[in-house]
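These notes are about the structure you will find just below.
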Amino acid sequence: MTDTPKHSPSRRQFLAGAAVATGAAATGKLVHAQAAGPDPLITELQPWQQYLGDGVDVRPYGVPSKHEAHVVRRTVPWLTADAVSSINFTPLHELEGIITPNGLCFERHHSGVADIAWGDHRLMINGLVDNQMVFTMDDLMRFPRENRTYFLECAANTGMEWRGSQLNGCQFTHGMIHNVVYTGVPLRLLLEEAGLKTSGTWLLAEGADASGMTRSIPMEKALDDCLVATHMNGERLRAEQGYPVRLVVPGWEGNMWVKWLRRLEIGDAPWHHREETSKYTDLLANGDARRFTWEMDAKSVITNPSPQAPITHGPGPTVLTGVAWSGRGTIPRVDVTIDGGITWHQARMSGPSLDKSMHRFYYEFDWDGRPLLLQSRAHDSTGYVQPTKDQLRVVRGFNSIYHNNGIQTWAINEAGEAENVEIG
Ligand code: MTE
Ligand code: CO
């Protein structure tokens, strides 16, 4: 076990006291170094107790504590050959609860962040409608709007792990996901306003960024639960998330959630554009490609401990936590193993269980200080159970990039350090 924990001995001693006082869920006692003497952090007056702090005029728009400056979106250098057509990753191991703060939502752009003013943006509806229409942003704000929480997962999330364990950290293996409360106008209302023709069975969504990204969406989905969203977590969309307006396609792959949404064309067949032919399709071993694999299968990952968030205390009470989600509903149950699948335990779900949203789970246990193999397995509300990576490979082969929802393993050593591994 490591001798250089993040917490000072005094802090760990405090935690030990708290565990005893509150009767912590785990049964073991925290093992900690004895403090050599009185703790100056308790016995001496500290600088922040002696001087006035910043006033209310210093931060008109708040930012996280400067002591949390390491909590940022990160890139994988070999994946980021070109910054404007690239990806960064949500720091899942630094987050709690189910909501991703706006400044930490991963970004994926095909041609960088479009810079569009609210007043300059237009959304057009054309094709198989009675009235071709153009809406300003202020027009959109006059339609009834709804608030709903959804995860957005890029179909390429965990894509680098198909052929074997590769990236050391859940931020990089699983961080192409965010979970946000959206405010938006149901797409159905805009289509009704334009007079959708019964022959209109498909919709093409187009972005206003330089890539002019397009995706075909079947009309049943468009009329069901899609939103034309203007706000995330209560404030207007961030530029990088598609300001002033993006499409929300609940439970379906992130690529369909067109940002800087400028046009909705109604047709009677899919368009077969780039992002639904050469990209976001899965080439199987026999040479056939899976297409239109829109729904994101149930998936989970342990965020703590994990390679970027090792165990920094000795044997005793240990908190394991992670997130799970499904494009088909809710997550009523997550199983966790700490011995590589010999024994499984039902994790404790905590926080709201919302349709097509991220869920948070915990498993508290007494670590005996020996190596561990951690895995989590999500069950969704349809009864689907998250498969192992090998089970997926039997069906999909090794050519895939997209839709890898296999079970993730972290190996923990005696020092508490974690590593991305696969076990047979
Ligand atoms: N929409 C436009 N107009 N341009 C884009 O490059 N990227 C897509 C999608 N919508 C993209 C887009 C992809 S591949 C994903 S995974 C999501 O947006 C990422 O959304 P985010 O940047 O909010 O994480
Ligand atoms: Co994507």
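The values are calculated or read from the model by the stated rules, or taken from the named source; none is laboratory data. As the structure is a prediction and not an experimental result, all values here were calculated from the model. All Cβ positions, even for glycine, are placed from backbone atoms using ideal geometry, and neighbour counts span all protein chains on display. Only protein heavy atoms, including side chains, enter the accessible area calculation; ligands, DNA and RNA are left aside. Shrake-Rupley method; radii C 1.70, N 1.55, O 1.52, S 1.80 Å.
Probe radius 1.4 Å, ligands and nucleic acids ignored: give me the carbon and sulfur share of the accessible area of segment 74-202 as a rounded percent. Walk me through the numbers on the way to the answer.
Working: 2630 of 5300 Å².
Of the solvent-accessible surface of segment 74-202, carbon and sulfur hold 50 percent.
Sort out for me the Cα centre separation of segment 205-244 from segment 389-405, rounded to whole Å.
Between the Cα centre of segment 205-244 and that of segment 389-405, the gap is 29 Å.
Relative contact order for segment 102-290: what percent, with Cα pairs under 8 Å and sequence separation of 6 or more?
Numbers: 382 pairs, mean separation 51.6, N = 189.
Result for segment 102-290 is 27 percent.
Out of all DSSP beta bridges with both ends in segment 102-290, state the antiparallel percent to the nearest 5.
90
So what is the 222 nm mean residue ellipticity for the chain from helices alone, if each DSSP H run of at least 4 adds -39500 (n - 2.57) and you divide by all residues, rounding to the nearest 500 deg cm²/dmol?
-3000 deg cm²/dmol
Bin width 5 Å, origin at 0, all Cα-Cα pairs of segment 102-290: what percent of pairs per bin?
All Cα pairs considered, the percentages come to 1, 8, 16, 20, 20, 16, 10, 5, 3, 1, 0.
Relative contact order of the chain: what whole-number percent is it, with Cα pairs under 8 angstrom and at least 6 residues apart? Working shown, then result.
Working: 968 pairs, mean separation 71.8, N = 424.
Once normalised by length, the contact order is 17 percent.
I want to verify the translational diffusion coefficient of the chain in µm²/s; compute it with Stokes-Einstein, Rh as the Kirkwood radius over Cα pairs, at 37 °C and 0.692 mPa s. Write down the numbers at each step before the final one.
Numbers: Rh = 23.5 Å.
The Stokes-Einstein estimate is 140 µm²/s.
Considering only C-alpha atoms, what is the centroid distance from segment 137-192 to segment 329-379, in Å?
Centre-to-centre distance over Cα atoms comes out at 23 Å.
Per residue, how much accessible area does segment 102-290 show when a 1.4 Å probe rolls over the protein heavy atoms, in square angstrom? Walk me through the numbers before you get to the answer.
Values: 6770 Å² over 189 residues.
The answer is 36 Å² per residue.
I need the peptides 73-79, 317-323, 233-239, 204-210 ranked by packing, meaning the mean over residues of other C-beta atoms within 10 angstrom, with the highest value on top.
Working: 73-79: 13.4, 317-323: 22.9, 233-239: 15.4, 204-210: 20.6.
Peptide ranking by packing, descending: 317-323, 204-210, 233-239, 73-79.
Relative contact order of segment 169-236: what whole-number percent is it, with Cα pairs under 8 angstrom and at least 6 residues apart?
Details: 66 pairs, mean separation 30.8, N = 68.
Computed over segment 169-236, the figure is 45 percent.
Across the chain, how many lysine pairs separated by 8 or more positions, or lying on different chains, have Cα atoms within less than 23 Å?
Final tally of qualifying lysine pairs is 14.
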